[in-house]
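This report refers to the structure that appears directly beneath it.
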Amino acid sequence: MKKGKSVEGTDKGSPEARQTPDLVRATEIAYHRGLNRWIVLMSTPLFLFFSIFHGRLGNALQSLIFALLAVNAVIGLFLGWRMQSIAHLVRLKRVSGGIAFGLLAASFAMGVYHSHTFYIFFPWIFIYPFGVMLFFGERIGLLGALLFSWVMVALLLGVALPEWDAWSRYMMRSNAVFALLTVLAMALIAERYRVQVQRKLVAAREEARAAEQHQRQANRELQQEIERRALSEKALARSEMRYRALFEEAAVSLWEEDWSELKRHLDRLPSADRADLKRYFETHAEMLLPYYAKTVLTGVNQATVRLFEAPDAATMVSRRGAVLPRDGGRFLAERMAALSAAGHHHTEVAGRTLKGRSLHLLVSSTVPAGFEASWEKVYTSVFDITDRVALEEEKMRMVRQLQRGREIQAIATLAGGIAHRFNNALAVIKGNLELLEIKAPRPLDEQRHWEAVWESAERMGRLTDQLLAYARGGKYRPRSFSANQLLQTILNEKALVPGDKEIRLQIALAPTLHDIQGDTTQINMVFEAVLTNAVEAMDSGGRLVIATENTRVEGREGLADGPYVVVTVEDSGTGMDGETLDRVFEPFYTTKLYGRGLGMAAAYGVVSNHGGRIAVSSQPGSGTRVEIYLPALI
């Protein structure tokens with residue numbers, strides 16, 4: 001098998017393909033090392049012997065040459081033992097061999113040239129070409145052998161043969177035997193290593209062939225696996241596209257989160273803390289936000305972007321904390337505790353959009369199957385129930401208002417009955433008092449008693465009027481009048497502002513205010529009640545605004561469409577909370593230490609009886625605004 005064919009059809013990056021050149025390389029290294037070792041072991045004793053031999057003969061130069069040959073062989077063997085590169089081994093072999101064969105050529109040339117050493121070196125010159133070709137191979141070895149042979153032929157033809165005596169015959173025979181044995185040893189060593197290398201190369205080729213077949217089978221299996229994976233990836237891609245389409249186009253806000261890092265930190269908590277995370281976060285509130293920061297919002301759909309008024313999904317992901325409830329982390333703690341305990345969490349929370357609009361949300365989070373241990377996926381759906389909650393709150397408000405209206409109607413009916421009976425009895429009392437006044441003059445002490453009884457009767461009469469007004473018994477003396485004139489009369493005749501309060505009056509009466517029709521006594525009572533409440537609400541002084549204007553109402557609850565006169569009384573007093581505001585029209589309800597009777601309840605009845613409406617708005621610490629709507633005459 002040729003060199004290049006041993007890896008044909010084999011993946012060059014596979015272990016089998018890499019193993020084949022590695023095996024050949026190891027074989028070549030072993031061959032060069034073994035051959036060098038045997039050459040050194042065989043030649044070094046011979047070089048040392050001839051170095052001593054020529055030294056005994058007095059031939060110092062030849063002795064030095066053979067000593068250098070021995071040193072060169074040992075150095076070459078030592079360096080070659082440490083080398084792992086074939087290129088370096090070949091280079092070392094050439095350098096060391098070149099030095100050795102150069103010294104041998106010089107030694108042989110000098111030995112043949114001198115007559116007293118001719119027969120010592122003559123048998124060895126025939127080994128030189130064989131050795132140099134065996135050591136260096138075809139090109140360099142053949143060139144060295146030819147050059148050496150030409151030099152030796154020239155010397156043999158040019159020098160005279162020395163005398164053939166007993167010493168010459170002895171040296172000739174001894175060196176011929178040594179030369180023959182050397183050639184035989186070199187041949188045996190070379191053949192031995194040639195056979196070993198051949199066997200190893202054959203084994204390497206067989207292994208390469210088996211590796212090639214194995215690799216081809218592996219390639220076929222790999223191709224099949226690639227095809228299966230391609231089909232799986234296509235199916236996965238289609239599934240991912242369907243999921244993404246459902247995720248992105250869903251009408252419900254969907255969040256996809258990664259809680260894996262948080263799960264690892266929670267798993268490192270003591271078992272008692274993991275069993276009750278809610279209690280743990282209550283006692284370690286400072287750990288709540290750092291733990292929640294380890295969760296990652298990986299994606300949201302377009303419904304989420306629209307719900308939270310975000311410009312795009314990336315902005316929503318980066319600013320998720322801005323839409324979460326501001327409840328000190330209670331929502332986050334409950335969410336983590338519920339997911340840890342049951343794998344799901346459902347709750348209603350108050351959130352807001354990125355533009356600040358308030359929302360009421362139903363949030364449901366769950367850990368899908370397969371991710372219970374890692375929490376790499378946490379799916380959250382967010383439902384906007386703001387309108388539903390608003391409708392429920394409006395429904396409750398209407399129910400409370402209806403209930404309050406029924407209560408007021410019941411009390412008004414009772415008050416009306418009591419007022420009529422009381423008024424009849426009062427008429428008898430006042431009639432008899434008038435008859436007593438017609439009679440002859442009375443003593444001064446009796447006159448004082450009579451006046452006291454008459455004043456009490458008058459007060460009881462005014463109270464009866466309030467009860468009848470609250471009972472919506474009708475407009476007793478209706479006529480057209482101006483609300484501006486009535487307010488001016490009250491402001492001129494009544495000392496509304498006590499001397500111990502610094503209250504700034506701001507009066508803004510519309511100059512072309514429409515007239516209204518009604519009972520001036522009852523409307524006057526309404527104005528006085530509202531103004532008195534406003535003044536009393538400003539304990540340490542403040543600002544009182546009295547304004548009138550014409551307006552037209554359309555589609556407003558509790559009022560018929562048409563023109564109206566609006567009387568506004570606004571103070572900068574203490575204001576009212578929601579509970580007080582809900583009960584402001586209840587009879588005998590007051591926040592003062594001593595109540596004044598019907599008050600705003602009677603005002604409510606009078607205005608309603610005149611086809612109008614009282615609207616009260618207030619905030620604690622921000623004062624109160626009362627708007628009285630009365631139908632206008634045009």
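The values are calculated or read from the model by the stated rules, or taken from the named source; none is laboratory data. All of these numbers come straight from a predicted model, not from anything done at the bench. For neighbour counting, all protein chains shown are included, and Cβ atoms are generated from backbone atoms with ideal geometry for every residue, glycine included. All accessible areas refer to the heavy atoms of the entire protein, side chains included, with ligands and DNA or RNA removed. Shrake-Rupley method; radii C 1.70, N 1.55, O 1.52, S 1.80 Å.
Before moving on, here are some points about what is shown:
- GLU458 contributes about 60 Å² of solvent-accessible surface, heavy atoms of the protein only, 1.4 Å probe.
- Ordered from longest to shortest, the equivalent ellipsoid semi-axes for segment 61-127 are 29, 11, 8 Å, each the square root of 5 times a Cα gyration tensor eigenvalue.
- Segment 199-307: mean projected area of Cα convex hull, nm²: 14.5 nm²
- Within segment 551-582, backbone nitrogen closer than 19 Å to the virtual label 7 Å beyond the Cα of ALA410 toward Cβ: none
- Put simply, the C-alpha atoms of the chain give a gyration tensor, and the ellipsoid matching it has half-axes of 132, 26, 21 Å, longest first.
- FRET efficiency for the pair THR532 and ALA250, taken as 1/(1 + (r/R0)^6) with r the Cβ-Cβ distance and R0 = 60 Å, rounds to 0.50.
- At q = 0.10 Å⁻¹, base-10 log of I(q)/I(0) for segment 237-366 (Debye sum, equal scatterers on each alpha carbon): -0.35
- Relative to the longest principal axis of the Cα atoms of the chain, the long axis of helix 600-609 makes an angle of roughly 80 degrees.
- Dipole moment magnitude, nearest 20 debye, the chain about Cα centre, only Lys, Arg, Asp, Glu C-beta charged: 4120 debye
- Taking the longest Cα principal axis of the chain as reference, the axis of helix 330-342 is set at about 60 degrees.
- Between SER85 and ALA176, the C-beta separation translates, for a Förster distance of 35 Å, into a calculated FRET efficiency of about 0.30.
- If you plug the beta carbon distance of GLU557 and ARG306 into 1/(1 + (r/R0)^6) with R0 = 41 Å, you get a FRET efficiency near 0.85.
- When peptides 561-572, 218-229 are sorted by average Cβ neighbour count within 10 Å, with the highest value leading, the order is 561-572, 218-229.
- Contact order for the chain, expressed relative to its length and based on alpha carbon pairs under 8 Å spaced 6+ residues apart, stands at 8 percent.
- Look at the dipole of the chain built from charges on Cβ: of SER115, LEU277, VAL95, the Cα furthest out on the positive end belongs to SER115.
- Full-extension gain in nm, ARG448 to VAL159, via 0.36 nm per residue minus C-alpha separation: 85.4 nm
- Label separation (ASN550 vs ARG264): 7.7 nm, computed from points 7 Å beyond Cα along the C-beta direction.
- Distance in nm between pseudo-label sites at LEU147 and ARG238 (7 Å out along the Cβ direction from Cα): 7.7 nm
- Magnitude of the charge dipole, segment 185-250, Cβ model with Lys/Arg +1 and Asp/Glu -1, debye to 20: 420 debye
- A straight chain from LEU61 to LEU41 at 0.36 nm per residue would run longer than the Cα-Cα distance by 4.8 nm.
- Dipole axis of segment 171-280 (+1 Lys, Arg; -1 Asp, Glu on Cβ), positive-most option in LEU236, GLN224, ASN175: ASN175
- Tensor-based shape of segment 32-97 (alpha-carbon gyration tensor, a/c under 1.5 rounded, otherwise prolate or oblate): prolate
- A straight chain from ARG192 to LYS430 at 0.36 nm per residue would run longer than the Cα-Cα distance by 70.0 nm.
- In segment 23-181, the convex hull through the Cα atoms has an average projected area of 9.4 nm², a quarter of its surface area.
- Cross-link partners of LYS501 among aspartates and glutamates (Cα-Cα below 19 Å; sequence separation of 8 or more within a chain): GLU493, GLU528, GLU536, ASP539, GLU570, ASP571
- Tilt relative to the chain, helix 483-493 - C-alpha long axis, 0 to 90 degrees, to 10: 70 degrees
- Under a 5 Å amide H cut-off, with hydrogens placed 1.01 Å from N, ALA632 pairs with TYR564, VAL565 among residues at least 5 apart or on other chains.
- Dipole magnitude of segment 212-368 about its Cα centre (Cβ charges: Lys, Arg +1; Asp, Glu -1), debye to nearest 20: 220 debye
- Compactness index (Cα Rg / 2.2 N^0.38 Å), segment 114-229: 1.99
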